[in-house]
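Reading through the structure tokens given below for one structure.
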Amino acid sequence: MKTATLLSLRSATKRFGGLVAVNNLSFDVYPGEVVGLLGPNGSGKTTAMNLISGALPLNGGEILFKGQALHRLKSHQIARLGIARTFQLVKVLGSMSCTDNVIAGMAFKPRPLFGKAAAQRAQELLQRVGLADWAQTAAGDLTYINQKRLELARALALEPQILLLDEWLAGLNPTELQQGIALIQQLQASGLTILMVEHVMDAVHALCSRCVVMNAGSKIADGLTAQVLKQPEVVRAYLGGDEEETAEAAHA
Ligand SMILES: Nc1ncnc2c1ncn2[C@@H]1O[C@H](COP(=O)(O)OP(=O)(O)OP(=O)(O)O)[C@@H](O)[C@H]1O
């Protein structure tokens with residue numbers, strides 16, 4: 001018997017005027033999976049993440065979390081159900097300390113923490129992402145990778161059941177990338193389910209057991225990472241038709 005899905009998109013559709021940014025998109029995410037959401041620029045990945053997190057309303061179809069339809073819920077209610085996200089453009093509260101940024105993330109937890117308990121939990125989360133020594137530093141003074149770590153700690157403060165990562169590894173240098181991959185692997189090992197939009201192929205290979213690939217708003221592939229990346233339609237769409245490059249990526 002197949003495990004029950006954690007997250008299901010069923011013909012999810014989003015239009016911006018005449019543009020169908022997400023077109024009848026259906027896929028499932030099962031508990032404990034790390035699934036890559038791939039596709040060329042403008043294919044609808046971030047819009048799909050926005051539909052799941054409730055930042056944008058659906059125009060058609062439905063999105064279910066543990067069987068519950070999300071479309072009537074506001075984003076804070078969706079967060080409270082256990083769906084946390086990071087953003088493509090890092091969004092930290094620059095003048096506030098790292099600790100306070102993480103505590104702010106706890107406001108949307110099902111059972112919010114206050115006072116000392118919140119500060120202690122924030123310290124644990126900062127330690128988990130490698131920021132224990134920056135607890136009192138203003139978020140705006142952190143380096144780029146550390147701001148990304150902080151955003152992750154804030155998302156984890158929700159105690160999510162699924163984490164949506166939107167190009168969390170983008171813009172990192174090779175050393176930082178390895179650190180970032182290791183950090184996500186730790187989350188994976190703890191059993192957290194992750195749906196990640198990612199362009200960095202090394203990270204996709206290292207982290208994602210399965211990938212869903214979009215092109216021009218529609219799903220064009222869904223399956224085991226190595227197999228999906230070899231599919232001719234994915235080669236053509238995702239890497240602009242450079243089959244050699246995709247073949248290299250598939251074997252990386
Ligand atoms: N708020 C909006 N209003 C109008 N059009 C939008 C809006 N958001 C996205 N789009 C359009 O929808 C399409 C899908 O955009 P989206 O950002 O979801 O793609 P993406 O796959 O995440 O791209 P990238 O990899 O570059 O981040 C694009 O054509 C984009 O210009």
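A few remarks follow.
- Principal-axis tilt of helix 115-128 within the chain, Cα atoms, nearest 10 degrees: 50
- Shape box of the range 24-155 [Cα atoms, principal axes, largest first, Å]: 46, 34, 27
- Taking the inverse of the mean reciprocal distance over all distinct Cα pairs, the Kirkwood hydrodynamic radius of the range 1-62 comes to 12.4 Å.
- Computed over the range 84-159: relative contact order in percent, which uses C-alpha pairs under 8 Å that are six or more apart: 50
- Among Gly17, Gln178, Met196 the positive-end extreme of the charge dipole of the chain (Cβ point charges): Gly17
- Whole-number percent relative contact order across the chain, with pairs defined as alpha carbons under 8 Å at least 6 apart: 25
- Between the helical axis of 144-156 and the longest alpha-carbon principal axis of the chain there is an angle of about 90 degrees.
- Most positive-pole-ward Cα, Pro110, Gly140, Cys98, against dipole of the range 84-159 from beta carbon charges: Pro110
- Cα-only Debye scattering, the chain: base-10 log of I(q)/I(0) at q = 0.07, 0.11, 0.12, 0.16 Å⁻¹: -0.23, -0.58, -0.70, -1.20
- Unit charges on C-beta of K, R, D, E only; dipole of the chain, Debye: 1260
- The chain, helix-only ellipticity at 222 nm - DSSP H runs n ≥ 4, -39,500 (n - 2.57), divided by all residues, nearest 500: -11000 deg cm²/dmol
- Overall, the ratio between the Cα radius of gyration of the range 84-159 and 2.2 N^0.38 Å, rounded to two decimals, is 0.96.
- Counting neighbouring beta carbons within 10 Å and listing from fewest to most, the residues Asp100, Asp222, Asp166 come out as Asp222, Asp100, Asp166.
Rule-based calculations on the coordinates, nothing more; no lab input. None of these values were measured; they are calculated from a predicted model. Virtual Cβ from ideal backbone geometry, glycine too; neighbours counted across all protein chains shown.
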